[in-house]
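The structure under discussion appears below in the form of structure tokens.
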Amino acid sequence: MFIVPPSVQIYEPKEEEELLRHIEVCGRTAYQTEPGTKPEDVNSFVKSLISKGHLSVLEHESLTVFFVCSRATGNQIVRHRIAAYTQESARFCNYSLGKFGNELCVIRPASIPGVMTGRFSSLQAYKTERTLRFVNSEDPDELFTPELMWVDAMISAEIGYKNLCSLTSPETARGVLPLDLKTTIAATMNIRQWRHVIKQRISLTCSPGMRESMSMLLLEVNGRYPILFSNL
Ligand SMILES: Cc1cc2nc3c(=O)[nH]c(=O)nc-3n(C[C@H](O)[C@H](O)[C@H](O)COP(=O)(O)OP(=O)(O)OC[C@H]3O[C@@H](n4cnc5c(N)ncnc54)[C@H](O)[C@@H]3O)c2cc1C
């Protein structure tokens with residue numbers, strides 16, 4: 001079993017200037033002004049659109065983002081309707097085959113402290129590795145910690161899944177897969193909708209996994225596109 005952290009990646013990200021120029025040209029239609037006229041530069045023009053709430057103009061540009069996250073987080077992402085999605089299929093992917101290393105891949109949960117990432121063949125292997133990595137760690141034989149209980153549950157699910165796969169199809173066996181199973185989702189949304197989704201999902205009221213993925217995305221878009229995302 002692999003335990004991996006979540007990640008986000010923008011697919012072939014454009015330069016901010018390119019996005020802003022497109023938004024500017026469309027936005028200026030409303031005012032019948034030319035680029036370079038008041039307010040002068042493209043940055044000030046787009047900033048003023050955003051501050052005035054003229055947000056529909058942001059719908060002219062979009063981003064495709066690849067999320068590697070848990071199924072639980074994926075279920076929440078796809079609730080956002082103004083988007084196009086394609087998600088890794090647990091019907092078509094047989095995780096008991098060599099292509100997937102004969103193993104399940106699960107996401108390190110954001111709400112359980114201390115879960116290690118890596119490849120672990122059993123709970124015992126996890127505990128041994130834990131002792132090696134953290135020489136002064138507490139007694140790893142103690143099963144009643146959320147960390148070890150979670151690892152135990154994931155290993156059990158993997159055993160059940162592989163057993164079922166040997167007798168039935170992946171689409172039958174997937175019924176025993178955990179919500180912390182790793183999934184990959186390609187999500188395409190326009191800039192206005194990304195702003196909405198990120199703002200809604202970084203709130204402290206949201207689930208930790210969703211917050212973690214959206215916070216990573218915020219960091220990424222803020223770095224690349226500060227004019228479009230820095231005021232969330
Ligand atoms: C903290 C939190 C807890 C949640 N808990 C639950 C839960 O327990 N159970 C559950 O089922 N869901 C839950 N959700 C999901 C939530 O109900 C929404 O379905 C989800 O967040 C999508 O966001 P959105 O409603 O803004 O719509 P989006 O699909 O992101 O659409 C963006 C915007 O477009 C407009 N829009 C889209 N579709 C329509 C429409 N049909 N009619 C009118 N306007 C529309 C709205 O203005 C909307 O805000 C939760 C969400 C959060 C943030």
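Are there any pairs, at least 6 apart or on different chains, whose C-beta atoms fall under 6 Å, with the first in region 198-212 and more than 18 Å from Thr184 (Cα to Cα) and touching a residue at least 12 places away in the same chain (Cβ under 8 Å) and the second of a type in the set (D, E, K, R) and within 11 Å of the ligand (Cβ to nearest atom), and if so, which?
Short answer, once both residue conditions are applied: Ile202/Arg211.
Working carefully through the options Leu177, Leu228, Leu219, find the one that is touching a residue at least 12 places away in the same chain (Cβ under 8 Å) and closer than 30 Å to Ser48 by Cβ.
Leu228
When region 57-80 is examined, which residues are found to be assigned to a helix (DSSP H, G or I), buried (at least 20 other Cβ atoms within 10 Å of the Cβ) and more than 16 Å from the ligand (Cβ to nearest atom)?
Val57 - this is the single residue of region 57-80 that is assigned to a helix (DSSP H, G or I), buried (at least 20 other Cβ atoms within 10 Å of the Cβ) and more than 16 Å from the ligand (Cβ to nearest atom).
Taking into account only those residues within region 99-158 that are among the acidic types (Asp, Glu) and outside any loop (DSSP other than H, G, I, E, B), which is modelled with the lowest pLDDT?
So, considering only residues that are among the acidic types (Asp, Glu) and outside any loop (DSSP other than H, G, I, E, B), the one modelled with the lowest pLDDT is Glu129.
Of the numbered conditions (1) more than 16 Å from the ligand (Cβ to nearest atom); (2) at pLDDT 95 or above; (3) touching an Asp or Glu at 6+ places or on another chain (Cβ under 9 Å), Leu164 satisfies every one except a single condition; which is it?
(3)
Could you say which residue among Pro170, Pro178, Pro146 is farther than 21 Å from Phe120 by Cα and more than 16 Å from the ligand (Cβ to nearest atom)?
Pro170
The values are calculated or read from the model by the stated rules, or taken from the named source; none is laboratory data. Note that the coordinates shown come from a computational prediction; the quantities given were computed from them, not determined experimentally. Don't worry about glycine lacking a Cβ; one is built from the backbone with ideal geometry, like all the others, and counts go over all protein chains shown.
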